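Structure first, commentary second.
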């Protein structure tokens with residue numbers, strides 16, 4: 001029986017089915033995600049209006065405006081209907097109960113403060129559960145906001161925002177007066193952004209979808225600041241310069257989601273003046289944004305609070321988010337100063353998540369969280385806050401590109417060397433198309449992550465995990481294919497009979513596919529790590545560029561060495577070595593894929609006492625090790641079968657020569 005014929009179709013079909021399923025899943029998930037996101041945004045938008053408008057029209061149990069009150073009732077019913085349309089989620093049942101409570105309070109004409117509180121709590125729950133983006137990716141440029149307001153809004157809301165535009169006469173209801181202090185004190189920038197984006201049901205206000213998202217955020221910040229007197233902004237600027245940078249709302253998310261009333265009640269009058277000034281200067285909030293380790297520590301506290309409250313699902317999500325969107329951004333930087341500490345933090349955070357999953361007592365989870373806090377504080381001391389020294393920036397940049405690029409280099413170099421060795425240089429353009437396309441898509445990923453959307457930590461890990469598993473499947477196929485040709489006589493016969501046919505029929509595209517997947521997986525991760533490093537290395541960015549250049553040069557030297565010495569090997573040993581290398585890389589990629597999906601919370605993690613070498617794809621947990629063990633067993637059996645099958649052929653050929 002021909003080993004190639006046995007394994008090649010199975011592995012090839014499996015690899016491309018996996019890629020096809022990944023593509024279909026990604027497209028379907030993206031479409032579903034867009035629909036769910038828009039529905040959730042609409043729910044949050046309606047709740048914002050209920051929270052702001054209801055107190056104006058119902059006081060002391062009396063309806064002051066019957067039409068407006070009926071609109072509030074209608075909104076509360078629509079909130080329930082729209083919530084039911086959202087995808088299943090552990091928090092969905094609780095959100096629906098909150099929505100029913102809100103509707104009953106409105107129906108009973110409850111006090112405005114109670115209804116506003118219920119609406120706000122439900123709104124925050126929807127935002128958290130369905131991951132609504134509530135802040136701009138970067139601080140909007142407000143220099144053109146006044147012109148946008150004049151061309152898009154002034155005709156209804158008036159040149160000064162007092163609701164007295166030339167088209168306002170006879171409008172029912174009248175356009176909002178942005179100088180209504182009581183009303184604007186309850187409005188968040190995100191609430192204004194939602195109104196600009198989606199419009200307001202039952203009013204002449206329609207959504208401004210023709211404007212870019214950046215312009216809509218700029219308009220929202222501009223409108224939010226219309227009521228702020230000049231002397232208040234001046235005092236806010238002075239307080240900020242004198243130490244107000246440490247206030248908890250000095251970041252874009254808080255600036256977009258909090259209201260002036262919330263800031264005043266929680267932090268005092270001085271803080272509200274800083275808040276008002278930051279709304280006019282959102283770039284200052286981005287500069288002083290929450291450092292990654294502080295983000296992790298805050299999410300750890302929120303996770304523990306959710307666990308104590310009995311919401312295990314929310315606690316696990318907060319723990320995963322804190323790790324992926326906080327600590328993971330500084331891993332490379334921490335590696336440069338204290339690798340053991342970085343590994344310890346990873347291990348202890350995994351242990352904390354496992355306690356949550358196992359339903360451990362609250363006191364045990366609290367002790368583990370305290371341990372993680374201690375380690376995070378040590379890491380913060382090592383990194384000296386959110387800024388890196390030139391040396392740390394250079395070392396981090398060097399190791400990021402070398403670590404992420406080495407795996408891709410080994411795969412592509414092995415394939416290119418194989419084609420050269422096989423005297424099939426005309427096939428090299430296909431391989432170059434694969435890795436060049438991956439680099440191009442990596443650059444596009446950087447652009448999208450920088451200017452279009454925020455790629456979440458979980459999204460990053462899921463993409464890396466699925467891509468790594470797809471690459472693993474194709475690497476195993478190519479490894480088997482090369483191993484089948486590792487005998488010199490079989491290779492010569494193969495060349496003489498049907499090399500061209502085999503390559504053009506499918507193997508060539510498999511090689512192209514693995515070239516693309518291997519490089520894109522690393523490019524995707526690399527651009528996001530460099531994006532985080534660039535933000536942390538303010539004042540030392542030239543060192544980042546130097547480190548990147550040195551790392552790229554190191555990869556070039558390694559590639560030269562592979563070609564220099566690899567091509568000198570005879571056909572048999574070369575193919576045998578290449579097949580073993582690609583199969584080992586496939587097993588390593590499988591470990592990376594499982595680990596990435598575990599970090600995203602898609603797979604459980606059961607740690608074991610075993611060698612832990614992530615750079616080699618070895619992770620000390622049952623799930624990754626079991627998969628890799630099964631793959632190694634299958635590969636070993638296949639190689640042994642092929643070797644046993646070739647022995648009679650070799651003996652026959654030797655006898656013929658004699």
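Look through 192, 198 and report the one residue that is without any contact (Cβ under 8 Å) to a residue 40 or more places away in the chain, in contact with a helix residue (DSSP H, G or I) (Cβ under 8 Å, 6 or more places away or on another chain) and either closer than 26 Å to residue 298 by Cα or buried (at least 19 other Cβ atoms within 10 Å of the Cβ) (or both). When all the criteria are applied, what remains is 192.
Per the conditions (1) buried (at least 17 other Cβ atoms within 10 Å of the Cβ); (2) modelled with pLDDT of 85 or more, the sole criterion not satisfied by residue 317 is (2).
Filtering 67, 110 for residues that are closer than 26 Å to residue 260 by Cβ and surrounded by fewer than 21 Cβ atoms within 10 Å (Cβ to Cβ) leaves a single hit, 110.
Among the residues of the range 136-151, those identified as in a loop (DSSP other than H, G, I, E, B) and modelled with pLDDT of 80 or more are 136, 139, 140, 141. None of 124, 109 is touching a strand residue (DSSP E or B) at 6+ places or on another chain (Cβ under 6 Å) and either part of a helix (DSSP H, G or I) or assigned by TED's automatic domain parsing to the domain that holds residue 74 (or both) except 109. Any chance the range 233-244 includes a residue that's touching a helix residue (DSSP H, G or I) at 6+ places or on another chain (Cβ under 7 Å) and outside any helix (DSSP H, G or I)? No, there is no match, as no residue in the range 233-244 is touching a helix residue (DSSP H, G or I) at 6+ places or on another chain (Cβ under 7 Å) and outside any helix (DSSP H, G or I).
On inspection, residue 360 qualifies as surrounded by fewer than 20 Cβ atoms within 10 Å (Cβ to Cβ), assigned by TED's automatic domain parsing to the domain that holds residue 314 and either assigned to a helix (DSSP H, G or I) or out of contact with any helix residue (DSSP H, G or I) (no Cβ under 7 Å at 6 or more places or on another chain) (or both). Considering only the range 636-648, I want to know if a residue exists there that is assigned by TED's automatic domain parsing to the domain that holds residue 522, modelled with pLDDT of 80 or more and loosely packed, with under 14 Cβ neighbours inside 10 Å. Looking through the range 636-648, at least one residue is assigned by TED's automatic domain parsing to the domain that holds residue 522, modelled with pLDDT of 80 or more and loosely packed, with under 14 Cβ neighbours inside 10 Å. Scanning the range 134-177 for residues that are surrounded by 15 or more Cβ atoms within 10 Å (Cβ to Cβ) and within 36 Å of the chain's Cα centre (by Cα) yields a total of 13.
Could you please let me know if residue 301 is more than 26 Å from residue 530 (Cβ to Cβ), assigned to a helix (DSSP H, G or I) and either in the same structural domain as residue 403 (by TED's automatic domain parsing) or under 22 Å from the mean Cα position of the chain (by Cα) (or both)? Lay out the reasoning, then the answer.
On the way: more than 26 Å from residue 530 (Cβ to Cβ): yes; assigned to a helix (DSSP H, G or I): yes; either in the same structural domain as residue 403 (by TED's automatic domain parsing) or under 22 Å from the mean Cα position of the chain (by Cα) (or both): yes.
Judged against the criteria, residue 301 is a match.
If the condition is being surrounded by 17 or more Cβ atoms within 10 Å (Cβ to Cβ), free of Cβ contacts under 8 Å to residues at least 60 places away in the same chain and in a helix (DSSP H, G or I), then the range 245-263 contributes 254, 262, 263.
Out of 271, 285, 254, 297, one residue alone is within 18 Å of residue 138 (Cβ to Cβ) and touching a helix residue (DSSP H, G or I) at 6+ places or on another chain (Cβ under 6 Å). It is 285.
The values are calculated or read from the model by the stated rules, or taken from the named source; none is laboratory data. From a predicted model like this one, the values you see are computed outputs, not experimental measurements. Cβ sites come from the backbone with ideal geometry, for glycine too, and all protein chains shown count toward neighbours.
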